[in-house]
Amino acid sequence: MRPGIRIGVDVGTVRVGVARSDPSGFIAVPVETVPRDTANAKDLARIAALVSEFQAIVGLPTSLSGQQGIAAEAARKYAVAIARRVQPVPVRAVDERLSTVTAQRSLREAGVKGRKHRPVVDQAAAVVILQSALDTERSSGREPGSLVEPGQASEGPSRR
């Protein structure tokens, strides 16, 4: 497994959860929740600042049948916008199937209930996404998901 810190990103319509791995790429931990700011792209600026030196892993919401819908397309566009801001730093997109459900269950089991888990559930989902990517890379020896090209079509903001 390649050494180095990776940043996990859970893209939501209201918030973006961020997680970070340790330098060995063994474990993911929560970092912060960034409020979405589609008008001024302040969220993209913050995510780009966090990712600027590390590889980013962005979750793509995928249904149980493997289909990618509107939420996945929005996450892909967000990943392209990040890639444009941080190039040549790599950004990868991975299947995040059930990450929010898993994060909510983990928070409930830890005693964080209802409204109190809302501010941290996105971070917890980012941890689930990143940990899954780290585990996949460790077991397969290959980088997880697919590389996001900064030149891909995107309707999202692309300011650097």
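Descriptive notes on the structure:
- Of the residues making up region 39-70, those that are crowded, with 17+ Cβ neighbours inside 10 Å and among the aliphatic types (A, V, I, L, M) are Ala41, Leu44, Ile47, Ala48, Leu50, Val51, Ala56, Ile57, Val58, Leu60.
- Condition check for Val18: open to solvent by 60 Å² or more (accessible area, probe 1.4 Å) and of a type in the set (A, V, I, L, M, F, W, C): no
- Subset of region 100-126 that is open to solvent by 30 Å² or more (accessible area, probe 1.4 Å) and among the hydrophobic types (A, V, I, L, M, F, W, C) - its residue that is farthest from Met1 (Cα to Cα): Val112
- Criterion: aliphatic (A, V, I, L, M), closer than 21 Å to Thr13 by Cα and in contact with a strand residue (DSSP E or B) (Cβ under 7 Å, 6 or more places away or on another chain) - qualifying residue of Ile82, Ile70: Ile82
The values are calculated or read from the model by the stated rules, or taken from the named source; none is laboratory data. Predicted model only: the values in this text are computed from it and were never measured. Please note: Cβ atoms are built from the backbone with ideal geometry, for glycine as well, and neighbour counts cover all protein chains shown. Calculation scope for accessible area: heavy atoms of the full protein, side chains included, ligands and nucleic acids excluded. Shrake-Rupley method; radii C 1.70, N 1.55, O 1.52, S 1.80 Å.
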